[in-house]
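First the structure, in the form of structure tokens, and then the observations on it.
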Amino acid sequence: MKILQTITDLNLSSGGAASATLNLFDELQRQKVDTTLLTLLPHHPNDLFMGSDRKGIVAFEYDGKTKFVYSRNLKKYLSENRGFDLYHANGIWTYPTHITARTALKLKKPYIITVHGMLNENALKYTPMGKRAFLYLFQKEELSKAACIHATSKYEAECIRKAGISTPVAIIPNGIKKSEIWNCKKHEESFCRFAYIGRIDPVKNIETLLEAWYKSGFVKNDRELLIIGGCSDASYLKKLHTFTNRYRLENVHFTGQISHKETERIFATIKYLILPSKSECFGMVVPEALAKGIPVIATEGTPWSELNDYRCGWWIKNDTSSLCDALVTAYSTSEKDYNEMSENGIKVVTGKYTIEECAKKMKLLYEYILGINNNKPDFII
């Protein structure tokens, strides 16, 4: 079977959707699935393309027009290269998924859409008029005619149903490579570093984290908060800086966008990861942190109730008071309890979130849709 995956970009600034797609592509190829990945190169010169030096990735110079990212290059490629058995589009609201679906329908080939959290209830609250118009003009029909929609969590599957889509949904989590699992236990008793890692965006709710940091009395030099990630919303970033300056949060540092290598180095120095998002379909950074023995504080806008279930962090309400309580609890956690939480996190990732297992499920899904295997996988609802 020949698979074509498409995604608008594989930029470092795009966060979890891009890295999850690339991880899956790499592992499918390793498992001998004939896969091609079609995308566009970064629009901004300072952004980093994560798909370099990989056979099977077709990346065109950025020619996206408008927010819809209309691309003649992608349209031409899809028109001229028709030897694929199944199409797999990543993301919605943009032309690359639209033209992928239309091409598959025209050729009478099955296609899958991974929505990457873009139908989550809170995500739809941002620019709702434009998204809902696009949903009913194009996207709903394309989602409804898909052979399957890929969700990364049960919560995301529920959001797909609430959006009025009855297409079969395959629940397959994102995964990380086994080589990324290692325990970076912290020994510096006198210093506690917390970090947020991801896009700087209003949906990530970073302003509530900063407010909780201040109200918890964490303006002390034995604690530090790193805000790691790029931002395309200058007014939002200015709002965050204004807050830190007003309340003299001198131990809060914005690093901007950093490389994967630098992120790995910082992982080895942080004690806790915080993900305060209003909405996440998965939150790729959570298993990345757990895989390194770093407990996580995540809000109920994320699908990470397992943090409580397996005692490898805290899954809390999405408000300032709950974040305050979690910060104070984390800071005062004993070394013994911390080490147990670290080990628990590694066990969870090893047992459920390796890319090797996730790619096996995706391969089963492809085979089922193409009739190679007629046994319906139990992860399809």
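Values for this structure:
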| quantity | calculated |
| --- | --- |
| Qualifying residues in region 213-237 (those that are touching a Ser or Thr at 6+ places or on another chain (Cβ under 7 Å) and modelled with pLDDT under 95) - the one most open to solvent (accessible area, probe 1.4 Å) | Asp222 |
| Residue list for region 238-273, filter: among the hydrophobic types (A, V, I, L, M, F, W, C) and open to solvent by 50 Å² or more (accessible area, probe 1.4 Å) | Phe254 |
| Answer residue from region 150-187, given it is within 18 Å of Gly293 (Cβ to Cβ) and among the hydrophobic types (A, V, I, L, M, F, W, C) and is most open to solvent (accessible area, probe 1.4 Å) among those | Trp182 |
| Residues that are of a type in the set (Phe, Trp, Tyr) and in contact with a strand residue (DSSP E or B) (Cβ under 9 Å, 6 or more places away or on another chain), drawn from region 283-313 | Trp304 |
| Count of region 303-328 residues which are closer than 14 Å to Val348 by Cα, touching a Phe, Trp or Tyr at 6+ places or on another chain (Cβ under 8 Å) and in a loop (DSSP other than H, G, I, E, B) | 2 |
| Qualifying position, being under 19 Å from Asn120 (Cβ atoms), surrounded by fewer than 23 Cβ atoms within 10 Å (Cβ to Cβ) and modelled with pLDDT of 95 or more, among Glu306, Glu367 | Glu306 |
| Condition check for Pro96: open to solvent by 10 Å² or more (accessible area, probe 1.4 Å), outside any strand (DSSP E or B) and not hydrophobic (A, V, I, L, M, F, W, C) | no |
| Cross-chain or 6+ apart pairs with Cβ under 6 Å, region 240-263 first and closer than 10 Å to Val219 by Cβ, then open to solvent by 50 Å² or more (accessible area, probe 1.4 Å) and at pLDDT 95 or above | Tyr247/Tyr214 |
| Checking Glu141 against (1) among the acidic types (Asp, Glu); (2) open to solvent by 10 Å² or more (accessible area, probe 1.4 Å); (3) under 22 Å from the mean Cα position of the chain (by Cα), the condition it does not meet | (3) |
| Positions within region 320-349 being over 17 Å from Lys271 (Cα atoms) and loosely packed, with under 15 Cβ neighbours inside 10 Å, in sequence order | Ser321, Lys347 |
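The values are calculated or read from the model by the stated rules, or taken from the named source; none is laboratory data. Quantities reported herein were computed from a predicted structural model and do not represent experimental measurements. Cβ: placed from backbone, ideal geometry, glycine included. Neighbour counts: every protein chain shown. To get the accessible areas, we keep the full protein, side chains included, count just its heavy atoms, and leave off ligands, DNA and RNA. Shrake-Rupley method; radii C 1.70, N 1.55, O 1.52, S 1.80 Å.
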